[in-house]
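The next block holds one structure in the form of structure tokens; read it before the comments.
The values are calculated or read from the model by the stated rules, or taken from the named source; none is laboratory data. Please read all numbers here as calculations on a predicted model, not as lab measurements. Only protein heavy atoms, including side chains, enter the accessible area calculation; ligands, DNA and RNA are left aside. Shrake-Rupley method; radii C 1.70, N 1.55, O 1.52, S 1.80 Å.
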Amino acid sequence: KVFTIKKADTHYYIRIRNVQKKGEVANFEAAKKRLRAIILQERQTQGYTRIVEEAYQAELKAGRIQLK
């Protein structure tokens, strides 16, 4: 199943490949791989956001950007 969630100006595209019934225990290795991928993606997103914010603040401080 594929679906999209929109939160503010961000779109999250989600694809579900496997479904587990409530109460079933996930395979540890499979869950570990999925969690690693999610955590890596989140870290990359946070890093990108930080770099953009730092660049914006530097340009604002240098006077190359004006807020009205």
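The value of relative contact order for the chain, using C-alpha pairs under 8 Å at least six residues apart, is 14 percent. For the chain, the alpha carbon convex hull comes to 125 Å³ per residue, rounded to a whole number. Element breakdown for the chain at a 1.4 angstrom probe: carbon and sulfur atoms account for 56% of the accessible area. Axis angle, to the nearest 10 degrees, between helix 28-62 and the longest C-alpha principal axis of the chain: 10 degrees. Once the 1.4 Å probe is applied to the protein heavy atoms, the chain comes out at 104 Å² accessible per residue.
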